[in-house]
Amino acid sequence: MSYWSRLKLTESALYSSIRIRGYRGLDSFQMRGLGRVNLLVGTNNSGKTSVLECIELLQSAGDPHVLSSIAGRRGEWGPASEGDVRAPLGPGPEPLDVSHLFANRELRGTIDIEADHVGDTTATGWNDRVTVCVEEPSTSRHQKREPELGGDDDGRLLLRIKWSGTDDEYRALVTEDGLLLRPRRFVRRRDASGQAVEFVRTSGVTAVDVARTFSKFVLTPKHEAIKHALRIVEPNVEDLAPIADDRTRFSRDAPGGVVLKLRGVADRVPIGSMGDGMWRMLGLALSIANADGGVLLVDEIDTGLHYTVMEDMWHMLSEAAAARSVQVFATTHSHDCVLSLAAVSKSAAGGVTIQRIVRSRGEAVRVGGDAIVAAAERNLEVR
């Protein structure tokens, strides 16, 4: 029995299909027949990361701050101008440029993301639809001017985000160019009633987030499972511990926040000394441990990992996902990553699919079950 299998949660819902309209390059797109673990493949600029972002937005019911996370990862901030007051959705003085979210950068379009599911959603705060639109304030059903804005709404557009799983919605003013300025109405951040969502970037999790997240698992059963995950890359790992969450001690984007105890080494070893593979594996283990009952999204999952450890990585993720009732969506360009997934596809609880995304098609090409193994055995190209 694996360490993760000892941490079994009650089974919750999974997405079975997702439909996207009007988001970035995805004018009309869907994925069907989803499993517990789903690997998105396709050429550069085919929309793989966009699909992950749509799932993140869908899962974020009641939390508009996810927009700043998406924009920050892409560097989509517009220039600040004198007199503009930016909505509090992220650090720095620059306003969020929401125009990039819409197909063909058409601000007056509508983004609509919806999903079907299997399983019980009653205990998870399930959200099955989110709509984002920009419109003229005069055409909105919310025509009453709200005094906390101050100033005049003339010449501004209205951004609206509505989730199916919450009674409230987010509204903010934007410029004609799509720069988000003032919040029109505040809503609460996602609380415990919503589903967890963890997004692991290509560059990995930040050092600050690692220290904060791992601190929650120290001296718990998940601590042992995380140690076991690191031994996939370095068998001599005996233990690990977070260091103080002090932003001045380490760069936010550099590996840090954790030290290791290695067999045969007297001194503790900073995790950054162990290479990119160790940092990547730690980020994956922490993120899935923090996504109970929700979704784990990983961009370029094979980053930093040698092909010889990928099969064990997939075993770890599939076991953890089944035990903690997490659905996994990941992207890759690596044929080795596809082959290693095929090796675990038959034993993975909840099913495994490969979703091949082609920009010119409105639906992902699904490869699942025995077809994944057959493609790997025949060395067929599924990327």
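The values are calculated or read from the model by the stated rules, or taken from the named source; none is laboratory data. Everything numeric in this text was worked out from a predicted model, so none of it was measured. Counting neighbours? That spans all protein chains shown, and the Cβs are built from the backbone with ideal geometry, glycine included. Side chains are part of the model used for accessible areas, which takes the heavy atoms of the whole protein and leaves out ligands, DNA and RNA. Shrake-Rupley method; radii C 1.70, N 1.55, O 1.52, S 1.80 Å.
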Legend entry - Any pair with Cβ under 8 angstrom, 6 or more apart, that starts in segment 100-115 at a residue that is under 16 Å from GLY362 (Cβ atoms) and open to solvent by 20 Å² or more (accessible area, probe 1.4 Å) and ends at one that is β-branched (Val, Ile, Thr) and modelled with pLDDT of 95 or more: GLU114/ILE18
Inset, instruction - Keeping to segment 287-308, report how many residues are free of Cβ contacts under 8 Å to residues at least 60 places away in the same chain and part of a helix (DSSP H, G or I). - result: 2
Legend entry - Candidates ASP336, ASP299, filtered to the one that is within 18 Å of ALA196 (Cα to Cα) and open to solvent by 10 Å² or more (accessible area, probe 1.4 Å): ASP299
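Yes or no, residue by residue, for (1) at pLDDT 85 or above; (2) farther than 24 Å from VAL51 by Cα; (3) of a type outside the set (Phe, Trp, Tyr):
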residue	(1), (2), (3)
CYS133	yes, no, yes
THR139	no, yes, yes
LYS222	yes, yes, yes
ASN236	yes, yes, yes
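Take the residues of segment 347-362 that are out of contact with any helix residue (DSSP H, G or I) (no Cβ under 7 Å at 6 or more places or on another chain) and open to solvent by 50 Å² or more (accessible area, probe 1.4 Å): which is modelled with the lowest pLDDT?
Going through segment 347-362, the residues out of contact with any helix residue (DSSP H, G or I) (no Cβ under 7 Å at 6 or more places or on another chain) turn out to be 347, 351, 353, 355-356, 358-362.
Those still in the list that are open to solvent by 50 Å² or more (accessible area, probe 1.4 Å) too: 347, 356, 359-361.
Working: SER347: 75, ARG356: 91, ARG359: 80, SER360: 82, ARG361: 86.
Among those residues, the one meeting the criterion is SER347.
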Inset, instruction - Would you check if there is a residue in segment 309-326 being in contact (Cβ under 8 Å) with a residue 12 or more places away in the chain, open to solvent by 50 Å² or more (accessible area, probe 1.4 Å) and not in a helix (DSSP H, G or I)? - result: no
Legend entry - Residue that is of a type outside the set (Gly, Ala, Ser), over 21 Å from ALA71 (Cα atoms), within 21 Å of the chain's Cα centre (by Cα) and modelled with pLDDT of 85 or more, where the choices are HIS100, HIS117: HIS117
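I'd like the full set of residues that are part of a loop (DSSP other than H, G, I, E, B) and either closer than 14 Å to GLY78 by Cβ or modelled with pLDDT of 80 or more (or both), limited to segment 173-187. Show your work before the answer.
At the first step, the residues of segment 173-187 found to be part of a loop (DSSP other than H, G, I, E, B) are 175-178, 186-187.
Those that are part of a loop (DSSP other than H, G, I, E, B) and either closer than 14 Å to GLY78 by Cβ or modelled with pLDDT of 80 or more (or both): THR175, GLU176, ASP177, GLY178.
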